[in-house]
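Right, one structure below, let's go through it.
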Amino acid sequence: MSHRGRKHALKVCRPSEDKGDVGEVSGLCPKHGRGFWRRYPWLIWVFPIAGLASLIWFLIRVVPKPSRATYPCQRIAAPLASGFIVWAMGLVGSALAYRKARRLMGRSRYVVAGIFAAAAIMSVWWSVSMTQGSGAKAAPFVPTDPPNSPMGVAKGINPGRVMWIRDANATSWNGSTSSWWDDTNTDQAKVDSMISSAIQGLTGESSDADAWDALFRHFNQTHGFGDVGYQAGEKIAIKINMNQENSTAGSWSSSKGTPSPHVVYSFVKQLMDVVGVPGSSITIYDAARYIGNPIYNKVRSDPNPDYRNIKFVVKSTLAANGRIGATYSSGRPIRTRASQGNAYPPTCVTEAKYLINTALLRAHSLYGVTLCAKNHFGSVRFPSWSGDGGWTPEPLHSYGQRSNAMGTYNCLVDLNGHADLGGKTLLYFIDALYPARNQSDAVTRFRSFGNDWFSSILASQDPVAIDSVGLDFLRAEQETPGTTVTDVIDRPDNYLHEMAMANNPPSGTFYDPEQDGTRLESLGVHEHWNNPASRQYSRNLGTGDGIELVTQHELWTSADGPIRNLTRERRYDYIQYAINDARDGDEIVVPQSVYPENINLKGKNLTIRSAEPDNPATVAATIISGAGGGPVVTLQGGEDANCVLAGLTIAGGDIGIFCSGASPTISNCVVTGNTGMGVRLWNISQPAITDSLIVANGGGIELSQGREITSSVTITNCTIAGNSGTGVYSGVQTITNSIIYYNDPAQIFGTLPTVTFSDVQGGWPGEGNIDADPCFADPCNGDYHLKSEAGRWDPGSGSWVLDGVTSLCIDGGNPTSDWTAELWPHGKRINMGKHGGTPEASMSLSDAGSAADLNIDEVVDFRDFDGFSGSWRKEELFLREDIDRNGRVDAFDLAAFAEEWLWRE
């Protein structure tokens, strides 16, 4: 065969000219027959150009500083760059082999030519397979220390305690509509409740005020400042993690992995409204980043103008839009191994007495995890660094990577051991409502929690313990099939070992961040839990002095506590503990006793009641007495009519019941003996108050009134009397069947009341209203029953007595109101006041109806006799069958019943 023939034979075998499968080989569209690459020729160059650009970028950034190879941007560029190199090598190798094969064919050396042709094909295949394969995977994280093997010294009031509060109802984002941080997708009231539960649980106190006082006192005692709480004027810095925000744009994408504005705002509210810290003494900062509008606006939008005195400190090169650029204190160096010399903390920290470390729960592509310890990467300035105004942790990046060996130096120990950072930290906190996949990615659901948002917060006084727990949660998530969390690999816990054993670390490092010759002591306790199912640490198991992970359920419940949650079948020692552990819809029963507590419903729609809410004797003996001033009962989390207080005596506070933006149902309660208002309704509260006594307080009911804040109240069958302030003041009032008397200086004040069928001292316009002495039985001793010549219940003697006068409030209520619970003679009309419409209603002089009409159907017949027979010989108060009202159904009652029946016949 001639050379021409051989060349022709080789040509017809080229895939690009094979017409047998033009759709898949020649680049023609099977449907239209037009060449795809001819239509879009520029696409041929996308990969080579992207690969070359990535290679150049990688070399420019990494060659001067090899540690940058682990940066997120370089982790993206590296596969493109390496793929380009492999592709180029394959292309060059294929071309050289192909040219060699052609020359050999021309010399009739067919076997050797075939080998080189195969090599050309293999070079192309190799380059494609190398660039299409998955990247190398680092080793999964396997702790070097066994489970429940604590190391270090536990810190805190309750040493080693980490509070974990989870409420799935706090987060409701569907992943697409609006943004996770919108008010519609994060429930502020639930977040407030979670933070309240966390600080109370951490300290073992039953109120927020006592919990904060315990935190401040513990800090001051352990730092040599004496047994004192927070003192006016002391400054507090709150460190947040804004790693994903490095520009002044301020707006966030819908899934941006940033701190929750609701969490930051809740912390500020606690400090200002509970502790009493003025806004000018609070700084929220991240000195290496910017603080975005959702957080800034959330805090500053509070109606209290003092919230606008809070300072927001950001990287000096990003100071704008009300944010202040960070400055540093040259006299407070932080020594690390960074080649750029000492780092320095921001002035807002050195000037503060206290620091709150508010971190995020997420993995990290460089360090494995980023929790409380690494949060201080936003607290350092390197003056010798040329960019970012020096506010960058970049010089530290090589000194704590997850790829570093165990037992090696870790810069996080120096940062968190420094007197101005870890040394000033009052509280460590991890915001885990919407964790992100890693430090640069979007928020993600946790497969280990049913593919739901983690919806949690963690709190501790021990920096090592809280990060150890955070690491265990992230590790468990990474081990769950289908998770997006993939960066918790290699050795992310080296820093925890070094921090726990800082006085004698595995690395042998002499950690001395202040350069004063004093070695750090242990910074806290580290261990791993027993397993991700039971999540037990050594203090939980009673096997060591390590970590104690406490949930609200474990903290609040008591095996034999008097207070019961009927819905969950749990018991508690305190009402507040029951509230903390409860969920919407739960029913909490409080037995007869005196409870010196100030309780907060925390935005939960619960029923809290006495054992017998309709029994005045039980109500009188079930007393929440208040402790330490303030409101006895607080509802300020959006509670609605499904939140019920029933059959309780509320006494001894500055305010009895305080509602702000809440609309509960209050029934059969006695609010008395409070130095201020019995009930204060603020910020568009709209409760319904029925069958209640509000007496002998500093005032009756006070309502806010004004543009967009006016509150309203519906008052039915209540007695508001003997208060040393106005009975019902301001707002929108709807009052019926009630008695408002003997309040000083006025009974009702306002322009918007609607009052009907009520007894108001001095009179008030409205249908059925009267102005007459209500004839209370013994108001000085708390007996507000109405006197009656036909019979009045006397709780002192436990019997019915006759008076010499009859109150005009008897039978004075709205004729359409339900009177049927009143005993005969009832006049077939409800009484005014607290006891109207109840079995304790004072009796009427009217003979309307019949004593034997037990089922109130206007007929005395065998159905009534059947009811009478069923109660025969019962000894019980307030039975209709007890016609002579002596507390016993006997022959005398049978005779009276028969007489009524026969008379009716």
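As a quick test, which of the pairs K353/K604; K239/K602; K190/K424; K190/K834 have an alpha carbon distance above 31 angstrom in this structure? Present the calculation step by step, with values, prior to reporting the outcome.
Details: K353/K604 35 Å; K239/K602 26 Å; K190/K424 29 Å; K190/K834 34 Å.
From K353/K604; K239/K602; K190/K424; K190/K834, over 31 Å: K353/K604; K190/K834.
Projecting the Cα atoms of V485, G389, P513 onto the charge dipole of segment 383-525, computed from C-beta unit charges around the Cα centre, puts V485 farthest toward the positive end. Of all aspartates and glutamates in the structure, the ones whose alpha carbon falls short of 17 Å from that of K787, not counting any fewer than 8 places away in one chain, are D759, D771, D773, D778, D803, D811, E822, E840.
Provide the gained length on full extension for the span F862 to A891, in nm with one decimal, where the gain is 0.36 nm per separating residue minus the Cα-Cα distance.
8.7 nm
In this rough spin-label picture, where each label sits 7 Å from Cα along the Cβ direction, the M406-D512 distance is 2.9 nm.
Return the FRET efficiency for the residue pair D227, A419: r is the Cβ-Cβ distance, R0 is 22 Å, and the value is rounded to the nearest 0.05.
Result of the calculation: an efficiency of 0.55.
Here W872 and A898 are evaluated by their C-beta separation; at R0 = 22 Å the FRET efficiency comes out at 0.95.
Restriction of the GluC sites (Glu not before Pro) in segment 509-594 to DSSP coil positions whose beta-carbon has at most 15 other beta-carbons within 10 angstrom yields E521, E569.
Report, to the nearest whole %, how much of the accessible area of segment 772-905 belongs to carbon and sulfur atoms, 1.4 Å probe, protein only. Before the final figure, lay out each step's value.
Numbers: 3460 of 6550 Å².
Taking all protein chains in place, segment 772-905 shows 53 percent carbon and sulfur surface.
Using DSSP to define loop residues, name the trypsin sites (Lys or Arg not before Pro) in segment 552-603 whose beta-carbon has at most 14 other beta-carbon atoms within 10 Å. For trypsin sites (Lys or Arg not before Pro) across segment 552-603 that sit outside H, G, I, E and B with at most 14 neighbouring Cβ atoms in 10 Å, the list reads R583.
Each 10 Å bin from 0 upward holds the following percent of the Cα-Cα pairs of segment 593-725: 15, 49, 33, 3, 0. Note on segment 202-333: with charges restricted to the Cβ of Lys and Arg (+1) and Asp and Glu (-1), its dipole about the Cα centre is near 720 debye. When only the Cβ of Lys, Arg, Asp and Glu is charged (+1, +1, -1, -1), the dipole of segment 265-411 relative to its Cα centre reaches about 160 debye.
Of all aspartates and glutamates in the structure, the ones whose alpha carbon falls short of 19 Å from that of K256, not counting any fewer than 8 places away in one chain, are D182, D183, D187, E245, D286, D431, D441, D452, D487.
Shown in residue order for segment 340-354 are the 3J(HN,Hα) couplings computed by the Karplus curve 6.51 cos²θ - 1.76 cosθ + 1.60 at θ = phi - 60°: 7, x, 5, 9, 9, x, x, 4, 4, 8, 5, 7, 7, 8, 10 Hz (x for Gly and Pro).
For N642 and D452 in one chain, what is 0.36 nm times their gap in residues minus the Cα-Cα distance, to one decimal in nm?
Details: separation 190, 0.36 × 190 = 68.40 nm, distance 2.66 nm.
Taking N642 through D452 to full extension adds about 65.7 nm, to one decimal.
Estimated translational diffusion coefficient (Stokes-Einstein, Kirkwood radius over Cα pairs, 37 °C, 0.692 mPa s) of segment 450-570: 192 µm² per second. Put simply, the amide H of Y328, placed in the peptide plane, has neighbours under 5 Å in T347, leaving out anything fewer than 5 places away on its chain.
Report the local net charge at Y511: Lys and Arg +1, Asp and Glu -1, summed over other residues whose C-beta lies under 14 Å from its C-beta.
Working: positive: R335, R337, R519; negative: D414, E498, D512, E514, D516, E521.
Local charge sum for Y511: -3.
Packing order of peptides 529-539, 756-766, 789-799, highest average first: 756-766, 529-539, 789-799 (average count of other Cβ atoms within 10 Å over each peptide's residues). Pair-distance distribution of segment 251-343: all C-alpha pairs, bin width 10 Å, starting at 0; shares per bin in whole percent are 14, 40, 29, 15, 2. Among 889-900, 734-745, 352-363, the peptide with the highest mean count of other Cβ atoms within 10 Å heads the list, and the full ranking is 352-363, 734-745, 889-900. For the listed peptides 479-488, 372-381, a ranking on the average number of other beta carbons within 10 Å per residue, highest first, reads 372-381, 479-488.
So what is log10(I(q)/I(0)) for segment 141-271 at q = 0.17, 0.22, 0.23 1/Å, when the Debye sum runs over its Cα atoms only? One equal scatterer on each Cα of segment 141-271 leads to -1.10, -1.28, -1.33.
Work through the residues other than Y574 whose Cβ is under 13 Å from its Cβ and net out their charges, Lys, Arg +1 and Asp, Glu -1. Spell out each step's value before the answer.
Values: positive: R564, R570, R571; negative: E205, D210, D573, D581, E597.
So the surrounding residues net to -2.
All C-alpha pair distances within segment 453-493, sorted into 10 Å bins from zero, spread as 25, 50, 23, 1 percent across the bins. For segment 211-254, the fraction of 1.4 Å probe accessible surface lying on carbon and sulfur atoms is 47 percent. Measuring with a 1.4 angstrom probe and ignoring ligands and nucleic acids, S730 comes out at about 10 Å² accessible.
Grab the Cα-Cα distance for S724 and N504, subtract it from 0.36 nm times how many residues apart they are, and report the gain in nm with one decimal.
Working: separation 220, 0.36 × 220 = 79.20 nm, distance 6.64 nm.
Gain on extension, S724 to N504, equals 72.6 nm.
Over all distinct Cα pairs, what is the inverse of the mean 1/r for segment 394-439, reported as the Kirkwood hydrodynamic radius in Å?
On the way: mean 1/r = 0.0767 Å⁻¹.
One decimal place: 13.0 Å for the Kirkwood radius.
The values are calculated or read from the model by the stated rules, or taken from the named source; none is laboratory data. Fair warning: this is a prediction, and the values are worked out from it, not measured in the lab. Cβ: placed from backbone, ideal geometry, glycine included. Neighbour counts: every protein chain shown. These area figures cover heavy atoms from the full protein model, side chains too; ligands, DNA and RNA do not enter into them. Shrake-Rupley method; radii C 1.70, N 1.55, O 1.52, S 1.80 Å.
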